[in-house]
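One structure is given below, encoded as structure tokens.
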Amino acid sequence: MATVYAAEDLKHGRKVAIKVLRPELLTLGTEAERFLREIRIAARLSHPGILPLHDSGERNGFLFYVMPFVGAQSLRDRLRSEDRLPIEEALGIARSVAAALDYAHRQNVLHRDIKPENILLHEGQAVLADFGIARAITVAATDHVTERGLMIGTPAYMSPEQGAAEGILDGRSDQYSLACVVYEMLAGTPPFHGRTAAATLLRHLNEPPPSLRARRPTVPEPAERAILRALAKDPQARFPTVAEFADALRIRVRDLPEDAAPLAFRAERAIAVLPFVNSSPDPENEYLSDGLTDELINALAGVEGLRVASRTSVFALKGSRRPVPALGAELGVSVVLEGTVRRSGPRVRITTQLSNAADGGLLWSERYDRELDDIFALEEEIARTIVAALRARFIGEVADPTPRRYTDNVSAYQLYLKGRYAWNKRTAEGIGEAIHYFEGAIAEDPSYALAYTGLSDCHALHVDYRGAPVTEGMRRAREEALHALALDEGLAEAHTSLAWVMFIHDWDWPGAALHFTRAIELNPRYPTARQWRSWFLTSMGRSNEALAEGRMAQELDPASVSIRRSLGWLYYYGRRYGEAVLQLRQALAMNPTSDETQCILGLAYSNLGRLDEAEQMLREAHAGARGENHRAFAALARIAVIRGRRAEAEAALATLEETAKVRYVSPADLARIHLALGDLDATFSWIERARVERRGWLVYLNVDPLLDPIRGDPRFVELVRRMNLD
């Protein structure tokens, strides 16, 4: 359809791919207007699995469109080198592509040209290119296509209805094309090919697809059935949606043969403990249902040979009414535990059920009526019973749970659960409540190490959520973490909390490194330790190690918005803005109201030169935070300067300075606006103020792109030296 040029966008200093349409496809005039109108529809798509469209237009008789140059290998490149892919990897690529297609189909946009050349394998993700282009050409050039015998699409992957040009296409046409690609990834060749385009189309129209297992006997039967259904001649016989096709391709590891690629985790030995439901009349008892969920996750996480979905991943699904197979597929597990908790005075009734994630079938259920004072024994009994059920019915031999009890005081335990429940709200009010509960737990049991860790985490968050002075909040966070370690040196959470204080406030690089390492030694599966250590590594200039640690955190906790956003930050600090955008768009899809995600996404767009998108995202971040996201406000001032609206930036600075008179504003945000305005003396004055206040932003001096304009200034060099970052 087009000639593709690798080019440099001189205005924005970025590499792009310019695709210039073949002139015989359509003539200028009405057809060109139709093309550009249609391509604008496709340009609205925003999904991590879809390569965005930068620009389109007409120049000197040529129609063109511009996309990012990501420098990634295409699936076609991969198939040329490997012929056919490991089974699990092929199915994973198919599900990623299907997710992007499902999003586009819900926006009433079809791709119409799914093929290996249009699937880019970028940073471990499959990304679709050329979305909507075939549609734009078809709409604009129907007469010319007919007159000149041209075909829009690729015969080896075209659905029968597309090849026959019959009726209106829908998402099931793209589903058919994707099935052809999946078939090729597994078998090494597409299901249909002929010596000419016409011969290939005739085979799509008239011949049944060859048996996939005849070409590769190790392909699981469920996968073959799903692919052959998606290849049905009649669209009505295919899956109703491409999302359902993707669900059918979620094959348990036990169904995969020996030649299949190993998974990052073994799903047949993986369980998700969904948040137990509080069915008590009093909603305040939710701390108990959440606490029971936590304790069961912790108990099962200690079972050798069993992988347990993380707390963050499962609590992100709290309240979800989706069917068990969909939840199990999202979390990558084979069994799902659900339950309810009902408290009445001193007694509690707990019902539990274990289900097969593949089909939702019930494996085991039980009801427990106990005194609340028996809660510890009850938790251990439930964990042992679950493992026994798993061992007998589903996943084979695994070790017994070895629950670790941090206190024998039931009152202290309940107060701790209430504290964690309040802390997880991530609000100023929640932090205040949590401090009250953790202090109460410590009063009940002064040797309760986890309660001190919770108190440390509260004081660390005080800085961001309650406007507490940085030094005072971090001093308390350090004290409580050290107290927890004095009681239990083997607590990974406490080492992680102390490492964070040493890194972000004390600027004790060797100490932070030591405690991050110790935390991971104690619990390699603790995602927060991996996440926070990735920030430490990137500030030390160890970008590749940081990304590896960040990806490990994401693998351990795939449903965590915070960890996904952290990956975006890591790419941003590494000047890899395109990859940052992909991660941040995915984080935003997970939580569309996060002003923090919107802010960093706006910064990434800005550094890509996509100022319209940057400005829109930053305004949404500032508005979503009720005018309290000062980083986004400062970034908007910077864009105003770039666009020649200096007076607007100066007004923003005045507004922020007035705000600082009545409530706290970080010196970092004032420094950013002064830097945008070119006032370097004021910039360094505010940076020095940030240093005196020990603002955590300064640990990223060597990697923050916004500071690039002043790196050669002697004052900056001296600042880096004083912070031992040289």
Exercise. Using a 10 Å cut-off on Cβ atoms, rank the peptides 154-164, 277-287 from the highest mean neighbour count down.
Key: 154-164, 277-287
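Using the Cα atoms of the range 447-589 to build a convex hull, what is its mean projected area in square nanometres? If you can, show how the numbers build up before the last one.
Numbers: hull surface 34.0 nm².
Quarter of the Cα hull surface area: 8.5 nm².
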Practice problem: Quick one: which residues, 5+ away or cross-chain, put their amide H under 5 Å from the amide H of V16? H built at 1.01 Å from N. | Solution: A7, E8, D9, F69
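What is the Rg over Rh value, at two decimals, for the chain, using alpha-carbon atoms and the Kirkwood definition of Rh? Can you show the working numbers first?
Working: Rg = 28.3 Å, Rh = 28.4 Å.
That ratio equals 1.00.
Among residues other than R349 whose Cβ falls under 10 Å from its Cβ, what is the net charge (Lys/Arg +1, Asp/Glu -1)?
Details: positive: R342, R343, R347, R367, R370; negative: D369.
Within the 10 Å Cβ shell, the charges total +4.
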Quiz item: Using 7 Å Cα-to-Cβ label points, what is the S46/A164 separation (nm, one decimal)?
Solution: 4.0 nm
Exercise. Below 20 Å Cα-Cα, how many Lys pairs turn up in the chain? Only count pairs eight or more apart in sequence, or on different chains, if you could.
Key: 5
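How would you classify the range 160-215 from its alpha-carbon gyration tensor, with a ≥ b ≥ c the square roots of the eigenvalues: rounded for a/c under 1.5, else prolate if a/b is greater than b/c, otherwise oblate?
On the way: a/c = 2.25, a/b = 1.37, b/c = 1.64.
Since a/c reaches 1.5 but b/c is at least a/b, the shape of the range 160-215 is classed as oblate.
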Quiz item: Hey, rough spin-label estimate for A377 and E650, points 7 angstrom out along Cα→Cβ, what's it come to in nanometres?
Solution: 7.7 nm
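Provide the per residue accessible area, probe 1.4 Å, for the chain, rounded to a whole number of square angstrom. Don't skip to the answer; put the middle values down first.
Numbers: 30940 Å² over 726 residues.
That works out to 43 Å² per residue.
Mind ranking 627-635, 646-654, 692-700 by how tightly packed they are, going by the mean number of other C-beta atoms within 10 angstrom, highest first?
On the way: 627-635: 22.0, 646-654: 15.7, 692-700: 18.1.
Ranking the peptides 627-635, 646-654, 692-700 by packing returns 627-635, 692-700, 646-654.
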Quiz item: When you count, for each residue, the other Cβ atoms within 10 Å and take the mean per peptide, how do 430-438, 560-568 rank with the highest first?
Solution: 560-568, 430-438
Quiz item: What are the residues whose amide H is under 5 Å from the amide H of G194, where those residues sit 5 or more places off or on another chain and H is modelled from the backbone?
Solution: T200
Self-check item: HN-Hα J in Hz across the range 186-197 - Karplus 6.51, -1.76, 1.60, θ = phi - 60°, x for Gly and Pro
Solution: 8, 9, x, 9, x, x, 10, 7, x, 6, 10, 4
Exercise. Using only Cα atoms, locate the centre of the range 172-205 and the centre of the range 475-516, then give the distance between them in Å, rounded to an integer.
Key: 58 Å
Quiz item: Once you put a point 7 Å from the Cα of A623 and another 7 Å from the Cα of L36, both along the Cβ direction, what distance in nm separates them?
Solution: 2.8 nm
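Need the full-extension length gain, Y5 to S365, defined as separation in residues times 0.36 nm minus the C-alpha distance. One decimal, nm. Show your work: numbers first, answer last.
Working: separation 360, 0.36 × 360 = 129.60 nm, distance 6.12 nm.
Extra length from Y5 to S365 when fully extended: 123.5 nm.
Could you work out the helix-only [θ] at 222 nm for the chain, with each DSSP H run of four or more residues adding -39,500 (n - 2.57) and the total divided by the number of residues, to the nearest 500 deg cm²/dmol?
Values: 32 runs with 392 residues, N = 726.
After summing the helix terms and dividing by the residues of the chain, the value is -17000 deg cm²/dmol.
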Quiz item: Once you list every other residue whose beta carbon is under 13 Å from the beta carbon of P667, what net charge do they have if Lys and Arg are +1 and Asp and Glu are -1?
Solution: +2
Quiz item: For the chain, which whole percent of the accessible surface, found with a 1.4 angstrom probe, sits on carbon and sulfur atoms?
Solution: 49 percent
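Give, in nm to one decimal, the length gained when the segment between D681 and T218 is fully stretched (0.36 nm per residue of separation minus the Cα-Cα distance).
Values: separation 463, 0.36 × 463 = 166.68 nm, distance 6.83 nm.
My answer for the length gained is 159.8 nm.
The values are calculated or read from the model by the stated rules, or taken from the named source; none is laboratory data. None of these values were measured; they are calculated from a predicted model. When we count neighbours, we look across all protein chains shown, and the Cβ atoms used for this are built from the backbone with ideal geometry, even at glycine. With ligands, DNA and RNA removed, areas are computed over all heavy atoms of the protein, side chains included. Shrake-Rupley method; radii C 1.70, N 1.55, O 1.52, S 1.80 Å.
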